[in-house]
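The values are calculated or read from the model by the stated rules, or taken from the named source; none is laboratory data. The model shown is predicted, which means the values in this text are computed figures rather than measured ones. Because the Cβ atoms are built from the backbone with ideal geometry, glycine has one as well, and the counts that use them run over all protein chains shown. Just the protein is used for accessible areas: all its heavy atoms, side chains included, with ligands, DNA and RNA removed. Shrake-Rupley method; radii C 1.70, N 1.55, O 1.52, S 1.80 Å.
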Amino acid sequence: MNGGDGGGGGGGGEVSGVGPPPSPLDWKFSQVFGERAAGEEVQEVDIISAIEFDKTGDHLATGDRGGRVVLFERTDTKDHGVNRRDMERMDYPISRHPEFRYKTEFQSHEPEFDYLKSLEIEEKINKIRWCQTANSALFLLSTNDKTIKFWKVQEKKVKKIADMNADSSKSPGSVPSSGFPTSSKPYLVNGGYPDKLPNSMNDESFPPGGITSLRLPVVVTSQETSLVARCRRVYAHAHDYHINSISNNSDGETFISADDLRINLWNLEISNQSFNIVDVKPQNMEDLTEVITSAEFHPSHCNTLAYSSSKGSIRLIDLRQSALCDSHAKLFEEQEAPGSRSFFTEIIASISDIKFAKDGRHILSRDYMSLKLWDINMDSGPVATFQVHEYLRPKLCDLYENDSIFDKFECCLSGDGQRVATGSYSNLFRVFGCAPGSTEATTLEASKNPMRRQVQTPTRPSRSSLSSITRVVRRGSESPGVDSNGNTFDFTTKLLHLAWHPSENSIACAAANSLYMYYA
């Protein structure tokens, strides 16, 4: 083992090769939002298509295929109004797991039609990214296939109309202080009645003897508050192909958006122009061999970003080198073993998602069959490989026939960089330990009993030494052709989207229209 680089390196800088690896986590169910009743049919528009924690972990956003963004806020840190140190003095149990509650929702995108190309643009939210907060307002970016929007969500005090010319002591029919008459009679323009009896107006709305002075209605701000979501900017008409990624820069001012062939750099303040920084479109489209599948900025270096391709490679680029970054600073790809090539090799090699570790030294990538952890200082190959569902390899033909082989699974890393997670079929997701020496390979189900699918047989990583680098391949305990509980595999229920809390061992994942949360 070569210290931190050998058996996985860990995604965090704190992980070292000294000492035993952390013991496997015991995952427990925390919450579910939008739980489906048995036999209840899921509406297509309600299926969750994006999940994202903010940097503090106090807010969680989800997007769905109906173009809505739903926000949740953490409640367990606010319940007692005392800080952690005071809790410790009081011997208060502080080992509570994160609990969230529904905060608000808004319609981010609507279905559109591109008349020039005769294409329908669906409202489905592809990605959500949180931006820096300011003045207690929340800011986030959301995108569908073509248009990115910048949203501001803020609590505003409710304004009411008061101080009307009205006698509130009157019986029903009088005008309340809100200014809206409660009379059941139908009103015409300017408050006239269809029976044209002026006396009835005097009886109900005006005090005896008439009004001595006219008071104009006044708008007053009440103590009540309501959350208001407002679209601050729309970044449109910059992508010919479907947007697959957006990513904020650490400078807090810029972000990137990526489609199949181009990556654009935007300033948050400027919505009518962007800079094209990567363009892989060939002169002749018949020469096209690979497309961009995912892109993300480095978490702390504002000049560095990585993007993945459908050929299974990751390119690291430096914005300081040139305006158009078609040449990469580093290329990460794994050479295929001789004689292993098949019809499906290129399809399953396509990377569906990449994530930088919090320390910025490691990149996690997800292809169809596996997770790979890369060290950006070592481009000879991944430092660890985790097989997600190797028992599906004999079924690749079936998966190709029903298009499941093109499913795009996301991946995530824990805040300390010691574990990685990704989804699979039958609403299962896998958690792997990537610290040196770790054999953690847990299978969980998105349900109220996450450990229901667990198999008690211990998992052992198989190691193969390639050149001087030790690589780890971890498969977990699985049987060919069936899931880990011996059941027939269900390709219709897939867990594509999940996110790891930035500072605690808590995972949020989407199973159709339900948001499940777990803690350890």
- [ ] Kindly indicate whether Ile314 is touching a Leu at 6+ places or on another chain (Cβ under 9 Å) and within 21 Å of Cys412 (Cα to Cα).
- [x] yes
Task: Residue among Lys152, Lys124 that alone is in contact with a strand residue (DSSP E or B) (Cβ under 7 Å, 6 or more places away or on another chain) and not in a loop (DSSP other than H, G, I, E, B) - done: Lys152
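Surrounded by fewer than 17 Cβ atoms within 10 Å (Cβ to Cβ), farther than 24 Å from Ser250 by Cβ and among the hydroxyl-bearing types (Ser, Thr, Tyr): does that describe Thr385? I'd like the intermediate steps shown before the answer.
Values: surrounded by fewer than 17 Cβ atoms within 10 Å (Cβ to Cβ): no; farther than 24 Å from Ser250 by Cβ: yes; among the hydroxyl-bearing types (Ser, Thr, Tyr): yes.
Answer is no for this residue.
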Open item on the list: For segment 220-237, check the following and say yes or no: at least one residue is more than 30 Å from Glu155 (Cα to Cα), out of contact with any Asp or Glu (no Cβ under 9 Å at 6 or more places or on another chain) and of a type outside the set (D, E, K, R).
Closed with: yes
Task: The listed residue being in a loop (DSSP other than H, G, I, E, B) and either touching a residue at least 60 places away in the same chain (Cβ under 8 Å) or within 30 Å of Glu504 (Cα to Cα) (or both), out of Ser340, Ser380 - done: Ser380
- [ ] Would you mind finding the one in Ser178, Ser169 that is of a type in the set (S, T, N, Q), in contact with a Lys or Arg (Cβ under 9 Å, 6 or more places away or on another chain) and modelled with pLDDT under 55?
- [x] Ser178
Open item on the list: Looking for something open to solvent by less than 30 Å² (accessible area, probe 1.4 Å), more than 26 Å from Arg129 (Cβ to Cβ) and either not in a strand (DSSP E or B) or not acidic (Asp, Glu) (or both) - is there at least one such residue anywhere in segment 353-369?
Closed with: yes
Open item on the list: I'm trying to understand the selection: among the residues of segment 263-304, which are within 14 Å of Ile246 (Cα to Cα) and either in contact with a Pro (Cβ under 6 Å, 6 or more places away or on another chain) or of a type in the set (Asp, Glu) (or both)?
Closed with: Glu296
- [ ] Might you check whether a residue that is free of Cβ contacts under 8 Å to residues at least 12 places away in the same chain and open to solvent by 10 Å² or more (accessible area, probe 1.4 Å) occurs anywhere in segment 56-79?
- [x] yes
Open item on the list: Condition (residue is more than 19 Å from the chain's Cα centre (by Cα), open to solvent by 60 Å² or more (accessible area, probe 1.4 Å) and of a type outside the set (A, V, I, L, M)) applied to segment 403-415: is it met by at least one residue?
Closed with: yes
Task: segment 254-264, residues that are over 16 Å from Ser294 (Cβ atoms) and either surrounded by fewer than 18 Cβ atoms within 10 Å (Cβ to Cβ) or among the aliphatic types (A, V, I, L, M) (or both) - done: none
- [ ] Among the residues of segment 267-287, count how many are open to solvent by 30 Å² or more (accessible area, probe 1.4 Å), in a loop (DSSP other than H, G, I, E, B) and in contact (Cβ under 8 Å) with a residue 12 or more places away in the chain.
- [x] 3
Open item on the list: Among (1) open to solvent by 70 Å² or more (accessible area, probe 1.4 Å); (2) at pLDDT below 90; (3) of a type outside the set (Phe, Trp, Tyr), there is one condition Glu204 misses while meeting the rest; what is its number?
Closed with: (1)
TODO: Just name the residue that is most open to solvent (accessible area, probe 1.4 Å) out of those in segment 288-312 that are touching a residue at least 24 places away in the same chain (Cβ under 8 Å), part of a loop (DSSP other than H, G, I, E, B) and polar (S, T, N, Q).
DONE: Ser300
